[in-house]
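The values are calculated or read from the model by the stated rules, or taken from the named source; none is laboratory data. All of these numbers come straight from a predicted model, not from anything done at the bench. Neighbour counts are summed over all protein chains in view; Cβ atoms, including those assigned to glycine, are modelled from backbone coordinates with ideal geometry.
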């Protein structure tokens with residue numbers, strides 16, 4: 001409905017010779033403080049400078065240009081400098097509920113991506129290291145962005161670009177040769193690899209580590225066999241985590257796959273006059289673009305992240321012909337991606353402008369410090385999940401002491417995932433956020449479990465009403481809480497579109513919470529079963545349930561019929 005108001009205002013302003021961007025109009029549209037003042041209001045103060053007129057006069061002229069209100073509006077009035085839009089609330093409620101119940105899981109889709117493909121790179125943990133909490137944000141946010149793109153009609157390729165190459169592997173290879181044990185590697189691969197990495201990560205071993213990595217880049221048989229073993233064992237460990245998180249990838253890729261392509265990139269950069277020598281290393285000077293100098297090859301002949309990212313981007317475009325490629329990687333890599341995209345552009349790849357770095361902030365602990373270690377130890381993702389599931393079990397058992405063991409396991413897992421995912425996604429992705437499991441798992445307030453509980457409450461109402469006879473759902477005179485819920489449901493398509501445009505799932509997360517809040521207020525104010533408007537209210541509950549399910553699905557959260 002809001003989009004229709006934007007179009008009405010846009011056309012009226014165009015007729016007045018005051019063309020205004022849709023975004024500018026949308027920014028100024030308000031929700032009046034009371035229903036008596038309308039459903040939406042548009043203040044004209046900001047147009048005074050442009051039109052050199054009194055805002056109240058501008059409001060009158062816009063109203064005149066609008067003419068007769070469109071079918072969905074009961075009235076359009078002016079009040080001083082404001083244009084107030086009154087919806088035909090009964091018609092809106094009836095049409096919207098019918099649309100939601102007919103379209104179901106497709107309600108809210110804009111289908112703007114039909115025939116287009118988007119590549120999303122996310123998660124990207126490092127081989128031979130534990131899947132730590134540091135990679136969780138990219139995993140959660142990237143998964144949600146992939147789902148939002150898909151919902152808007154794009155074909156999505158999800159890529160997990162593993163950190164499986166680089167000088168750290170020289171340290172691992174040396175470490176295994178010096179301190180490794182085949183028995184320990186088979187028993188607990190990630191723990192053992194972490195132990196040998198710590199031992200080898202010392203200044204005295206730097207030269208030998210670089211030599212081992214050079215062997216790996218040159219295809220040394222022993223180095224390659226060990227590296228393949230480390231990679232295979234790490235992937236098995238990661239897959240356990242992804243299964244728990246219910247996250248899937250279309251492609252497992254890695255820096256190692258672009259060894260040959262990197263040589264081609266170096267050749268192309270050289271042929272195009274972009275490659276320069278600097279103290280024995282090869283660089284691309286981007287100072288004229290305020291992007292510094294990008295290191296492409298070290299003086300010892302080994303490559304870097306930039307070289308590999310250039311090679312992978314070129315290969316992906318050839319393979320997938322994407323209309324957009326999204327990298328969900330931490331904000332500390334901002335300069336790196338700006339350099340990579342600029343180099344691709346200078347190489348003549350016009351599609352580089354469709355490459356986007358979606359950044360995220362850090363996890364902080366309760367004291368506001370970087371959530372990277374706990375008492376000097378690495379935080380394993382598996383431990384975080386198990387701790388959250390354990391807390392969820394306690395909360396569920398408080399409410400349902402007679403719950404079966406199997407049901408408890410299933411519910412606690414879903415609640416834990418909702419708690420972690422929502423706890424992250426409700427924040428603007430670029431901001432740092434406090435990772436507080438105890439707060440996330442609460443069944444009250446702005447949390448994932450609270451939203452799941454709202455869905456389960458709606459399901460409970462519908463289950464109780466199963467035996468009731470069907471009939472015509474008479475709308476009757478709408479209660480303010482019914483109107484509020486209907487209006488919130490109508491906003492879902494525009495919220496999803498905004499979230500896609502901003503590549504920011506927090507818009508959908510916050511919408512989900514607001515929707516759940518409004519539903520609970522409606523539930524307390526408007527009895528459903530046994531009321532005169534029972535059938536209408538049941539259909540409204542059903543519509544709420546469907547929209548909340550669609551919304552949570554875009555966050556990677558599975559709904560529950562019972563809590």
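Applying the set (1) within 22 Å of residue 105 (Cβ to Cβ); (2) at pLDDT 95 or above; (3) surrounded by fewer than 18 Cβ atoms within 10 Å (Cβ to Cβ) to residue 463 leaves exactly one unmet item: (2). Answer with yes or no whether residue 500 is assigned by TED's automatic domain parsing to the domain that holds residue 409, closer than 28 Å to residue 432 by Cα, in contact (Cβ under 8 Å) with a residue 40 or more places away in the chain and in a helix (DSSP H, G or I). Yes. On the basis of being modelled with pLDDT of 90 or more, surrounded by 13 or more Cβ atoms within 10 Å (Cβ to Cβ) and assigned to a loop (DSSP other than H, G, I, E, B), does residue 53 make the cut? Here the answer is yes, as residue 53 does meet what is asked.
Scanning segment 246-264 for residues that are surrounded by 19 or more Cβ atoms within 10 Å (Cβ to Cβ) and modelled with pLDDT under 85 yields 255, 256, 258. Applying the set (1) within 27 Å of residue 492 (Cα to Cα); (2) touching a helix residue (DSSP H, G or I) at 6+ places or on another chain (Cβ under 8 Å); (3) free of Cβ contacts under 8 Å to residues at least 24 places away in the same chain to residue 85 leaves exactly one unmet item: (3). Within segment 11-41, the set of residues being free of Cβ contacts under 8 Å to residues at least 60 places away in the same chain and under 15 Å from residue 69 (Cα atoms) comprises 11, 12, 38, 40, 41. Within segment 263-280, the set of residues being part of a helix (DSSP H, G or I) and free of Cβ contacts under 8 Å to residues at least 40 places away in the same chain comprises 263, 267, 270, 271. A count restricted to segment 64-79 and to residues that are surrounded by fewer than 16 Cβ atoms within 10 Å (Cβ to Cβ) and closer than 20 Å to residue 17 by Cα stands at 3.
Taking residue 103, is it farther than 22 Å from residue 425 by Cβ, out of contact with any helix residue (DSSP H, G or I) (no Cβ under 6 Å at 6 or more places or on another chain) and outside any helix (DSSP H, G or I)? Judged against the criteria, residue 103 is not a match. Just to verify a result, which residue in segment 299-329, among those that are crowded, with 16+ Cβ neighbours inside 10 Å and in a loop (DSSP other than H, G, I, E, B), is farthest from the chain's Cα centre (by Cα)? So the residue we want is 302. For segment 235-256, check the following and say yes or no: at least one residue is assigned to a helix (DSSP H, G or I) and within 19 Å of residue 304 (Cβ to Cβ). Scanning segment 235-256, I find at least one residue that is assigned to a helix (DSSP H, G or I) and within 19 Å of residue 304 (Cβ to Cβ), so the answer is yes.
Residues in segment 281-297 that are part of a loop (DSSP other than H, G, I, E, B) and under 14 Å from residue 346 (Cβ atoms): 286, 291.
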